[in-house]
Amino acid sequence: MPEFLVDEAIEDYAYLQTSAEPPLLQELIDQTNLNMGWPQKLSGRLVGRTLKLLSAMVRPKQALEIGMFTGYSALSIAEGMPDDGRLVCCETNPRAIEFAQGFFDRSEHGHKIEVIFGRALETIEKLDMALDFTFIDADKRNYLNYYERVKEMTRPGGLIVLDNVLWSGKVLQPESEIDDILVETNRRIAADPDVENVFLTLRDGLNVVRKKD
């Protein structure tokens, strides 16, 4: 599968015509590339600014992120939240948590973020939250499980955003169990009468889902 699903020149143009992230997030990108394995897991400007914009529109008081990595998407979401908002982030990589926390401590939005180490499905079951906004970007094998559980916890009008839903284009010709799970997740969302969604061909695919009132 190609590295760029959209023509690389078009992708670069879209990047340049999108509002830049704050300097702290630019530094986070640089340090992730220098010090962390799999830096391509970082969501980047196009997805990050989309998350910030959606968050600023919803103004979520209670939000959830499943799969934090080094904190770029968490800080993007938190940037759009009110000052008394709470964003719970689920992450299983201790090194990524330590790295991200260093940036949270330096950000004016870091106080909104609470990181919980452990398997996300187990963490979610312990949360007593009516969710306004959720970003799902963790292990793809559990995507459908994440979506179904989070939907139950989401208030009417709340948003659920799923990343990597194109899976480098593998959803068109699924060959593995994970490919099949993503295909089924996308199909289930599109057919779900409780929600409305738009499937964006942004980076590796972004599914933006709104729970109906």
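What follows draws every value from the coordinates through simple rules; no lab data is involved. These figures come from a predicted structure and were not determined experimentally. For neighbour counting, all protein chains shown are included, and Cβ atoms are generated from backbone atoms with ideal geometry for every residue, glycine included.
In plain terms, the chain from Asp105 to Lys170 could stretch by 19.6 nm, reckoned as 0.36 nm per residue minus the Cα-Cα distance. Between the C-alpha center of the range 1-73 and that of the range 191-212 there is a gap of 18 Å. With neighbours defined as other Cβ atoms within 10 Å of a residue's Cβ, the residues Val115, Val209 order from fewest to most as Val115, Val209.
Among beta bridges identified by DSSP and lying wholly in the range 51-209, the antiparallel ones come to about 30 percent.
Going by neighbour counts of Cβ atoms within 10 Å, the residues Phe199, Phe135 line up, fewest first, as Phe199, Phe135. Dipole magnitude for the chain: about 440 debye, using +1 per Lys or Arg Cβ and -1 per Asp or Glu Cβ, origin at the Cα centre. The Cα trace of the range 12-73 gives Rg and Dmax of 12.4, 34 Å, the first to one decimal, the second as a whole number.
According to the Kirkwood relation over distinct C-alpha pairs, the hydrodynamic radius of the range 32-119 is 12.8 Å. Along its three principal directions, the equivalent ellipsoid of the chain from the Cα gyration tensor extends over semi-axes of 23, 22, 17 Å, largest first.
Counting neighbouring beta carbons within 10 Å and listing from fewest to most, the residues Phe117, Phe104, Phe69 come out as Phe117, Phe104, Phe69.
Listed cross-link partners Lys41/Lys212; Lys41/Lys170; Lys52/Lys112; Lys61/Lys112; Lys112/Lys140; Lys170/Lys212 are compared with a 19 Å cut-off, the Cα-Cα value being larger for Lys41/Lys212; Lys112/Lys140; Lys170/Lys212.
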